[in-house]
């Protein structure tokens, strides 16, 4: 808990010095991470209440000139997924900081005896468990740096990934952070915006295929992915929105 206090103060000071969306997202990724790590502790709620109180003066004094302190009004879907709106928090730009006190104990049950690195099934089960943890991948997405993107885009990208439980909206495959691309359904060059409803979460290779115009590139990724006819039809629908010829 002492380490959490020290880390929290450093991140709050960083936001005060540079109140950017990136620093707000980095703070949120830290809060999400310590909540995810600590919630198996029986007394996690009272302990995090103490932590929130210990950091409350730093938050108020450091952020009173760079943000607003309020109950969240129309927060993004990702906020609703993890936190309640009953707690007041600071708003930096368009991003609400996650409330440190809003955490509850989670029972660690049904541990599988098959989770082991010493058998093929055990390794496969571990891999499956890790890939299924949306919280971990959301944290990694928050920590990624995408230059020249709006706050709205950054926020809605996280929300879209959260809403889709980390799955590609064409293949249905779960995506770790390094394979996530956020596609504009209507391209910005054709008048598309960074609004939530205009964004789609796609696998990196699928996104390349959606925008590819070179015949060799299309062939390369078709051979690599070997998509089903259903997936190809979906890709062609996305290409149509981009004013591109179908690949089928």
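Confirm whether residue 58 is out of contact with any helix residue (DSSP H, G or I) (no Cβ under 7 Å at 6 or more places or on another chain), touching a residue at least 40 places away in the same chain (Cβ under 8 Å) and either closer than 24 Å to residue 139 by Cα or not assigned by TED's automatic domain parsing to the domain that holds residue 8 (or both). Explain how you work it out, then say what you get.
On the way: out of contact with any helix residue (DSSP H, G or I) (no Cβ under 7 Å at 6 or more places or on another chain): no; touching a residue at least 40 places away in the same chain (Cβ under 8 Å): yes; either closer than 24 Å to residue 139 by Cα or not assigned by TED's automatic domain parsing to the domain that holds residue 8 (or both): yes.
When the stated conditions are applied, residue 58 does not pass them.
Could you look through region 193-208, keep only residues that are part of a helix (DSSP H, G or I) and at pLDDT 95 or above, and pick out the one that is nearest to residue 150 (Cα to Cα)?
The extreme case among them is 198.
Output the residues belonging to region 225-248 that are part of a loop (DSSP other than H, G, I, E, B) and crowded, with 17+ Cβ neighbours inside 10 Å.
Residues satisfying the conditions are 227, 242, 247.
Within region 1-21, count every residue that is part of a helix (DSSP H, G or I) and surrounded by fewer than 18 Cβ atoms within 10 Å (Cβ to Cβ).
Restricting attention to region 1-21, the residues satisfying the condition of being part of a helix (DSSP H, G or I) are 2-17, 21.
With surrounded by fewer than 18 Cβ atoms within 10 Å (Cβ to Cβ) added as a condition, the list becomes 2-3, 5-7, 9-10, 13-14, 17.
Summing the residues that are part of a helix (DSSP H, G or I) and surrounded by fewer than 18 Cβ atoms within 10 Å (Cβ to Cβ) in region 1-21 gives 10.
Taking region 82-94 as the search range and keeping residues that are surrounded by 14 or more Cβ atoms within 10 Å (Cβ to Cβ) and either assigned to a loop (DSSP other than H, G, I, E, B) or outside the structural domain of residue 24 (by TED's automatic domain parsing) (or both), which one is nearest to the chain's Cα centre (by Cα)?
83
List the number of the failed condition for residue 222; all other conditions in (1) part of a helix (DSSP H, G or I); (2) free of Cβ contacts under 8 Å to residues at least 40 places away in the same chain; (3) buried (at least 19 other Cβ atoms within 10 Å of the Cβ) hold.
(3)
Answer with yes or no whether residue 77 is touching a residue at least 24 places away in the same chain (Cβ under 8 Å), surrounded by fewer than 17 Cβ atoms within 10 Å (Cβ to Cβ), closer than 20 Å to residue 159 by Cα and touching a helix residue (DSSP H, G or I) at 6+ places or on another chain (Cβ under 9 Å).
Yes; evaluated as a whole, the condition is true for this residue.
Quick one: how many residues across region 135-192 are part of a helix (DSSP H, G or I), buried (at least 18 other Cβ atoms within 10 Å of the Cβ) and either assigned by TED's automatic domain parsing to the domain that holds residue 27 or free of Cβ contacts under 8 Å to residues at least 40 places away in the same chain (or both)?
Of the residues in region 135-192, 1 are part of a helix (DSSP H, G or I), buried (at least 18 other Cβ atoms within 10 Å of the Cβ) and either assigned by TED's automatic domain parsing to the domain that holds residue 27 or free of Cβ contacts under 8 Å to residues at least 40 places away in the same chain (or both).
Could you please find all residues in region 58-81 being assigned to a loop (DSSP other than H, G, I, E, B) and at pLDDT 85 or above?
64, 65, 66, 67, 71, 72, 73, 74, 75
The values are calculated or read from the model by the stated rules, or taken from the named source; none is laboratory data. All values derive from a computational prediction rather than experimental measurement. Ideal geometry is used to build each Cβ from the backbone, glycine not excepted, and the neighbour counts take in all protein chains shown.
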